Amino acid sequence: MVRSRDRKAPGNSCRWFDTGGRECYNHPRTNSGRGARRKRCVAGAPVTKRLGELRMRTPVALIAACSLLAGCSSIGVRSPTASANQGPTKGNQAAGTVTFVQHGEKVVVDARVSGLTPGLHGFHVHEKGDCTAADAASAGGHFNPHKEPHAGPDTVHRHAGDLGNLTADANGVAVYHVEVSGITLDTGPDSIIGRAVIVHANPDDLRTQPAGNAGPRLACGLISKGKDRWF
């Protein structure tokens, strides 16, 4: 049996733990002039042990909670983005915006272009991010890092920059949406960051080499990297 003086106990009471793990006190009897003591025992583990367990459990619980939060935050998926503001080439009025969002191995392309004649217009990513020439010839040919033939965006073997056609309505406004593979917004040979996106005057027939007979270039814009999104 271990005895210890309890500083917080009232008067000169004494506290100890008996062999059964009970917490015991000797309290002075205040209503007796003989100063007799009475014993009181409380069943259960010693207070010091319970406090020790509590102290041990608290940091463990905090560590577990922090680990869970860190694990959840790592579940988010990074999606690189990019955009281009297209301006008209000399003598034309076409202009618009194009956005790119990457989801895994696919890139979602959305465009809105105005100032067009109604109907189909070839739409491509070109190899150079240079729109300085009056006719945008400075942007070079279609982006084609793997030397594939020209085709449509749904074809396996095609230029990486082949995006098919925009369709302009009676007001000359085209709204475009497509999901393509073969390009990326990260680094590497398939990256379109720093290249140009161009709208052509004529429809792309998706067959004729090397550019589908899409005709003159009406609008040109530099593709610039944007902020990553997290999903």
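The table that follows gives values for the structure above.
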| read-out | value |
| --- | --- |
| Stretch gain in nm, segment residue 190-residue 147, where the contour uses 0.36 nm per residue and the Cα spacing is subtracted | 14.3 nm |
| At R0 = 41 Å, FRET efficiency that the Cβ-Cβ distance of residue 133 and residue 177 yields, to 0.05 | 0.90 |
| Heavy-atom accessible area per residue - region 89-212, 1.4 Å, Å² | 46 Å² |
| Order of exposure, largest accessible area first, which applies to 195, 78, 112, 158 with probe 1.4 Å | 112, 78, 195, 158 |
| By accessible area with a 1.4 Å probe, ligands and nucleic acids excluded, highest first: order of 116, 206 | 206, 116 |
| Derived scalar couplings ³J(HN,Hα) [region 154-170; Karplus, 6.51 cos²θ - 1.76 cosθ + 1.60; whole Hz; x for Gly, Pro] | 8, 8, 5, 9, 7, 5, 4, x, 6, 10, x, 10, 8, 10, 8, 7, 5 |
| Carbon/sulfur fraction of accessible area - region 167-214, other protein chains in place, 1.4 Å, % | 53 percent |
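The values are calculated or read from the model by the stated rules, or taken from the named source; none is laboratory data. Fair warning: this is a prediction, and the values are worked out from it, not measured in the lab. Glycine also receives a Cβ, built like all others from the backbone with ideal geometry; neighbour counts cover every protein chain displayed. Surface areas here come from the heavy atoms of the whole protein model, side chains and all, with no ligands, DNA or RNA. Shrake-Rupley method; radii C 1.70, N 1.55, O 1.52, S 1.80 Å.
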